[in-house]
């Protein structure tokens with residue numbers, strides 16, 4: 001199985017996202033396109049574009065970037081509830097058509113400021129049941145004519161899209177709760193994991209594969225991805241010096257904010273709990289950022305030389321991970337640095353990276 005390597009575009013109006021030192025341009029098309037073109041030039045196949053009510057509209061940003069790039073694949077994050085399934089299916093099919101089949105989609109069911117855009121929060125089972133229904137209707141609209149569905153959460157009658165994609169955009173999905181995993185097992189193309197140790201990822205891959213079988217999945221086999229921060233330097237020593245210095249700066253700003261990140265999200269809790277096993281797990285998984293404000297993909301980092309990080313990614317690939325969504329700040333500098341270090345000289349085997357720096 002060949003691997004997909006994506007970067008990350010922050011899609012925020014305020015500068016300084018995760019310590020990015022860019023002070024101008026956030027929220028402008030020029031800034032986002034510059035990051036996307038840099039990704040194109042340095043080996044990345046595309047980038048995740050984040051979503052949330054406090055950010056510019058993700059799908060509009062993805063559309064604008066696609067129009068100004070040639071190979072870049074936007075992984076556009078979207079939320080059921082913000083979108084109705086037929087409206088989204090039509091918009092996505094249109095962008096996919098206009099971009100020559102480049103669209104990827106990340107379905108997000110996590111918490112947001114739902115009331116601000118007219119949505120309502122149900123309990124976890126209701127939220128994931130709605131997501132499952134949304135994904136199934138969208139797929140049907142992309143592949144069938146005259147779709148009628150009367151579901152518990154959405155309804156369409158006699159719906160046929162004016163454009164249907166020859167190959168439907170792939171649906172990425174995340175979530176570590178039992179309810180989220182049941183959605184992935186039956187509806188997603190790619191399950192995204194945050195940066196857990198190898199043993200945790202192996203257990204989750206095995207569980208999701210068994211769950212897919214138990215639930216009679218009727219799609220192609222579920223694939224798996226890793227969303228994580230990478231801190232790469234020319235040498236292992238320099239990487240760890242910079243990683244520890246960055247965490248020390250985080251600690252000075254927020255002495256003990258980790259409890260602020262705890263909440264109902266099972267995946268985030270799993271990451272925060274890793275620090276109890278040690279600051280460094282496996283070969284180079286750094287858990288300390290989670291103690292001092294690192295959240296989501298910034299909770300754990302892969303730190304080291306390019307060779308160290310490449311070897312760590314290869315170990316994940318050996319478990320079945322074939323989609324990698326990486327990032328570090330400053331975004332523009334690291335888009336080029338990490339791309340050149342990890343992607344410029346791939347080994348011939350699928351999912352295997354080689355590096356210019358042996359570490």
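The values are calculated or read from the model by the stated rules, or taken from the named source; none is laboratory data. Nothing here was measured: the structure is a model prediction, and the numbers come from that model. With ideal geometry, Cβ positions are generated from the backbone for all residues, glycine too; neighbour counts draw on all protein chains shown.
Among the residues of the range 33-44, those that are crowded, with 20+ Cβ neighbours inside 10 Å and either in contact with a strand residue (DSSP E or B) (Cβ under 6 Å, 6 or more places away or on another chain) or assigned to a loop (DSSP other than H, G, I, E, B) (or both) comprise 35, 39, 44. Does the range 89-103 contain any residue that is more than 23 Å from residue 192 (Cα to Cα) and loosely packed, with under 15 Cβ neighbours inside 10 Å? So far as the range 89-103 goes, yes, one or more of its residues are more than 23 Å from residue 192 (Cα to Cα) and loosely packed, with under 15 Cβ neighbours inside 10 Å. The listed residues are 18, 55, and the only one of them that is under 23 Å from residue 80 (Cα atoms) and either assigned to a loop (DSSP other than H, G, I, E, B) or touching a helix residue (DSSP H, G or I) at 6+ places or on another chain (Cβ under 6 Å) (or both) turns out to be 55.
Hey, can you tell me all the residues within the range 21-30 that are in a helix (DSSP H, G or I) and either within 24 Å of residue 172 (Cα to Cα) or in contact with a helix residue (DSSP H, G or I) (Cβ under 9 Å, 6 or more places away or on another chain) (or both)? Of everything in the range 21-30, just one residue is in a helix (DSSP H, G or I) and either within 24 Å of residue 172 (Cα to Cα) or in contact with a helix residue (DSSP H, G or I) (Cβ under 9 Å, 6 or more places away or on another chain) (or both), namely 29. Considered as a group, the residues in the range 13-28 that are surrounded by 15 or more Cβ atoms within 10 Å (Cβ to Cβ) and modelled with pLDDT of 85 or more include one that is nearest to residue 55 (Cα to Cα), and that residue is 27. In the range 1-15, what count of residues is obtained for those that are in contact with a helix residue (DSSP H, G or I) (Cβ under 9 Å, 6 or more places away or on another chain) and within 28 Å of residue 247 (Cα to Cα)? Residues in the range 1-15 being in contact with a helix residue (DSSP H, G or I) (Cβ under 9 Å, 6 or more places away or on another chain) and within 28 Å of residue 247 (Cα to Cα): 7 in total.
Per the conditions (1) free of Cβ contacts under 8 Å to residues at least 60 places away in the same chain; (2) outside any loop (DSSP other than H, G, I, E, B), the sole criterion not satisfied by residue 90 is (1).
Here the helices (runs of 4 or more DSSP H) wholly within the range 234-345 that include at least 2 residues being at pLDDT below 85, in contact with a helix residue (DSSP H, G or I) (Cβ under 9 Å, 6 or more places away or on another chain) and surrounded by 14 or more Cβ atoms within 10 Å (Cβ to Cβ) are 258-261, 266-273.
For the range 272-291, the count of residues that are closer than 21 Å to residue 51 by Cα and touching a residue at least 60 places away in the same chain (Cβ under 8 Å) is zero.
Per-residue answers, yes or no, for (1) over 20 Å from the mean Cα position of the chain (by Cα); (2) crowded, with 18+ Cβ neighbours inside 10 Å; (3) on the phi < 0 side of the Ramachandran plot; (4) touching a residue at least 24 places away in the same chain (Cβ under 8 Å):
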| site | (1), (2), (3), (4) |
| --- | --- |
| 146 | yes, no, no, no |
| 157 | yes, no, yes, no |
| 162 | yes, no, yes, yes |
| 166 | yes, no, yes, yes |
| 191 | no, yes, yes, yes |
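Going by the conditions given, is residue 175 closer than 20 Å to residue 311 by Cα and either modelled with pLDDT of 95 or more or crowded, with 18+ Cβ neighbours inside 10 Å (or both)? When the stated conditions are applied, residue 175 does not pass them.
In the range 20-45, the residues that are in contact (Cβ under 8 Å) with a residue 60 or more places away in the chain reach residues that are in a loop (DSSP other than H, G, I, E, B) and surrounded by fewer than 18 Cβ atoms within 10 Å (Cβ to Cβ) with C-beta atoms within less than 6 angstrom, at least six apart or across chains, in these pairs: 20/330; 21/330; 22/15; 43/344. In this entry, residue 62 is excluded by the filter for residues that are in a helix (DSSP H, G or I), in contact with a strand residue (DSSP E or B) (Cβ under 6 Å, 6 or more places away or on another chain) and either at positive phi or in contact (Cβ under 8 Å) with a residue 60 or more places away in the chain (or both).
Residues in the range 296-333 that are over 18 Å from residue 226 (Cα atoms) and in contact with a strand residue (DSSP E or B) (Cβ under 7 Å, 6 or more places away or on another chain): 305 alone.
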